[in-house]
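To keep things clear, I will list the structure first and then write my remarks on it.
The values are calculated or read from the model by the stated rules, or taken from the named source; none is laboratory data. Being a predicted model, the structure only gives us computed values, none of them experimental. Virtual Cβ from ideal backbone geometry, glycine too; neighbours counted across all protein chains shown.
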Amino acid sequence: MKKHKKYILIIGIIIILIGGTGGYYVWCAYHPEIDIQVTDFGKGDEYKIQMPSIVIAPRGTPKIASAVDVKLLQFKSQYEKIYHDIIENYKGSDVKLAIEVTDKQTILKYTGTVTTFEGETIAFDRDIACDFVLDANIIN
């Protein structure tokens, strides 16, 4: 009877180790190291726009989960929309970016001034909310 209990205990320990290793593997896939730094970017001397620069590094050997890739693509498309909007609709700009992470959203806050094609300088203030939280180290 003692031998039977010993085998059950060993099998239980093996199952816990395999489950823990698998759980860590999945956690690493969904939590890559993401660094986002706000950098100056522009087109010529007229356009000064701050944009996020994103560096992604997987933790360990697993590939980054596709759900994380989708979030990063959505994030990227949001700031590209602002960039193209400014380039296509204004003669010049001086726009700063601040990234905030709340409980359920990642918010891109653009503030500054833009110059219309008629030469008028107007305030530019736009917030874009992404309905997900990026688990990232953000350097504004």
Any hit, the stretch 27-34, residues being under 30 Å from residue 92 (Cα atoms) and assigned to a loop (DSSP other than H, G, I, E, B): no
Considering residues of the stretch 60-79 that are over 16 Å from residue 110 (Cβ atoms) and polar (S, T, N, Q) only, the residue modelled with the highest pLDDT: 74
Hey, residue 39 among the polar types (S, T, N, Q), touching a Pro at 6+ places or on another chain (Cβ under 8 Å), loosely packed, with under 14 Cβ neighbours inside 10 Å and modelled with pLDDT under 90 or not: yes
Every pair of residues 6+ apart whose Cβ atoms lie under 6 Å, when the first sits in the stretch 1-15 and is part of a helix (DSSP H, G or I) while the second is not aliphatic (A, V, I, L, M): none
Residues that are under 21 Å from residue 44 (Cβ atoms) and out of contact with any Ser or Thr (no Cβ under 6 Å at 6 or more places or on another chain), drawn from the stretch 91-123: 93, 95, 97, 110, 112, 116, 117, 118, 119, 120, 122
Test set (1) touching a Pro at 6+ places or on another chain (Cβ under 8 Å); (2) modelled with pLDDT of 90 or more - residue 57 fails condition number: (2)
Tabulated pairs, the stretch 92-108, first among the acidic types (Asp, Glu), second assigned to a strand (DSSP E or B), C-beta under 8 angstrom, 6+ apart or interchain: 94/48; 94/112; 94/113; 94/114; 100/106; 100/107; 100/109
Near pairs, Cβ below 8 angstrom, 6+ apart or cross-chain, from the stretch 32-54 (over 22 Å from residue 72 (Cα atoms)) to any residue that is of a type in the set (Val, Ile, Thr) and not in a strand (DSSP E or B): 43/87; 47/86; 47/87
Failed criterion for residue 13 (all others in (1) under 15 Å from residue 57 (Cα atoms); (2) more than 27 Å from the chain's Cα centre (by Cα) hold): (1)
Strands (runs of 3 or more DSSP E) contained in the stretch 53-139 and holding at least 3 residues hydroxyl-bearing (Ser, Thr, Tyr) and crowded, with 16+ Cβ neighbours inside 10 Å: 106-115
When residues of the stretch 42-52 are limited to those that are at negative phi and outside any strand (DSSP E or B), the one surrounded by the most Cβ atoms within 10 Å (Cβ to Cβ): 46
